[in-house]
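Each value in this text was obtained by applying a stated rule to the coordinates, not by laboratory testing. On a predicted model such as this, the values are computed, not experimentally measured, just so you know. Methodologically, a virtual Cβ is constructed for each residue, glycine included, from the backbone with ideal geometry; neighbour enumeration extends over all protein chains shown.
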Amino acid sequence: MSRTILHVDLNNFYASVECLYRPDLSGLPVAVSGDAEARHGIILAKNSLAKGYGVKTGEAIWQARQKCPGLVCLPPDYRKYLRFSRLARNIYAEFTDQIESFGIDEAWLDVTGSKELLGEGVLIADTIRRRLREELGVTGSVGVSFNKIFAKLGSDMKKPDATTVITAENFREVVWPLPVGELLYVGRSTQRKLENRAVFTIGDLAGRDIRLLKLLLGVWGETLWHFANGLDESPVRQVGEASFIKSVGNSTTTPRDLVNDEDVKLIIFVLAESVAARLRRHGLKCTTVAIHVRNTELLTFERQGKLFEPSFVSTDIARKALELFKESYCWDKSIRSIGVRGANLVAAGTKLQLSLFGRGRGEEEALEGAIDSIRQRFGPYSVQRCALLQDRILAGFNPKDDHVIHPVSFFR
């Protein structure tokens, strides 16, 4: 049986919520941004007026103000956004119990089982948009389709406050002419690789030999080919369904540009300590370490590598992250932000085959456990590595409190 999937995207969410609390901002270009003084000065969200000036999410505040000198920048208040996100979710729950969040302002809804009682997907989508507007004062764009990928694509096609329908019969006409970069998980790097092979549209991707795409992109090539051909069958998670923690990570936009390996080393050790502490708190160890690097031109890359054995020791995580960085980055541009993540997690008490070449971990693990206890009692800066004292401005942040809310992964 064909499914009916909705994807609801709350328009200009952060900025829209802020404007509800500040009626005096009506008619003004408004953006929610990080702290320019601490170099977290990027645009997180903007309203339609700011968008009309060309202000883009992710660009620096100074760039946005060059385009829009009268731009009003407000600091983010996640308590407000989480409240409105919960209120929106309460509305969705009146139509289905299959609701899967994709970040704070987006969600998939499977309304296949609700159609006989509540009407077709388009009617449900229009009802949800009306209720968001009338009850919460925010607008949403809704994509209606037979799978999650095309529902997400539909919600992006018309903004604000619109419903877009993509069916099994019309997706070739509606979806295939779109640029390949519009497809979920085709980032800038992947888009460049595809365009270098004359794959400019989603239709071009759908028509390519899947074996050649696997050679170019690995398993992602096969996944993206299935997406483009409308073959996504991933389910929408049911409300209350537990999801095992798949990775633990932290990232930061640095107080100043990083210009050499020593700068990167300081940031990676701060992030690795936070990741390791969170792993220990959850009773987990990671077998893979991944890094995310963004330069001053906002170009990003990710790399990952396996550890010799599972670990929640910060030194192990930091060494692997530094190794990945040095193997992958050449200093043609300064670096703006870095992330470190522990993935492929196992329970800390899992029994593993010991290696003849491994080393005893008991003392290191006990030491880091003792440091956790001290920091919990006396604060995050009570015990620090000596290396981090070399540059208090660069390394003097607490990733646990100073973090970014990222969308959850599409994959289960």
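Under a 5 Å amide H cut-off, with hydrogens placed 1.01 Å from N, GLY34 pairs with ILE42, LEU44 among residues at least 5 apart or on other chains.
Loop-located GluC sites (Glu not before Pro) across the stretch 216-296 with a Cβ neighbour count of 16 or fewer within 10 Å are GLU233, GLU241, with loop assigned by DSSP. Sparse packing (at most 15 other Cβ atoms within 10 Å of the Cβ) combined with a DSSP loop state is found for the following GluC sites (Glu not before Pro) in the stretch 1-87: GLU37. Among LYS152/LYS214; LYS51/LYS159; LYS246/LYS333, which pairs are too far apart, with a Cα-Cα distance over 21 Å? Correct reply: LYS152/LYS214; LYS246/LYS333. Judged by the gyration tensor of its Cα atoms, with axes a ≥ b ≥ c, the stretch 116-213 is prolate; a/c meets the 1.5 cut and a/b is the larger of a/b and b/c. Quick one: go through the stretch 131-161 and flag any residue whose amide nitrogen is under 14 Å from the point 7 Å out along the Cα-to-Cβ line of ASN170. So the set is 143-146, 151, 154-155, 157-158. What aspartates and glutamates sit close enough to LYS326 to cross-link, taking a C-alpha to C-alpha distance under 20 Å and skipping anything fewer than 8 places away on the same chain? Leaving aside aspartates and glutamates fewer than 8 places away in the same chain, those within reach of LYS326 are ASP257, ASP261, GLU262, ASP263, GLU273, GLU297, GLU302, ASP316.
Placing a label point 7 Å from the Cα of SER2 along the Cα-to-Cβ direction, the residues of the stretch 160-194 with a backbone N closer than 18 Å are 164-176. Neighbours of PRO29 by Cβ distance under 11 Å: Lys/Arg scored +1, Asp/Glu scored -1, total +4. Working note: Karplus 6.51/-1.76/1.60 with θ = phi - 60° gives the stretch 312-319 the couplings 10, 8, 4, 4, 4, 5, 5, 4 Hz, where Gly and Pro are set to x. Here each label is just a point 7 Å from Cα along the line to Cβ, and for ALA370 and GLU222 those points are 4.9 nm apart. Does the stretch 107-158 come out rounded, prolate or oblate by the C-alpha gyration tensor, with a ≥ b ≥ c the root eigenvalues, rounded set by a/c under 1.5 and, if not, prolate when a/b is larger than b/c and oblate if not? It comes out oblate by the Cα gyration axes. Couplings 3J(HN,Hα) for the stretch 78-91, derived from phi with the Karplus relation 6.51 cos²θ - 1.76 cosθ + 1.60 (θ = phi - 60°), are 5, 4, 5, 5, 5, 4, 5, 5, 5, 5, 5, 5, 4, 5 Hz, where x marks Gly and Pro.
Taken along its three principal axes, the alpha carbon spread of the stretch 14-153 comes to 53, 30, 25 Å, from the longest extent down to the shortest.
Each residue of the stretch 215-232 was assigned a 3J(HN,Hα) from its phi angle through the Karplus expression (A = 6.51, B = -1.76, C = 1.60, θ = phi - 60°), giving 5, 7, 10, x, 5, 4, x, 5, 4, 5, 5, 5, 4, 5, 8, x, 9, 5 Hz with x at Gly and Pro.
When the GluC sites (Glu not before Pro) in the stretch 118-175 are filtered for DSSP coil states and for at most 10 other beta-carbon atoms within 10 Å of their beta-carbon, the remaining sites are GLU169.
Overall form of the stretch 131-279: oblate. Here a/c, set by the Cα gyration tensor axes a ≥ b ≥ c, is 1.5 or more, and a/b is not larger than b/c.
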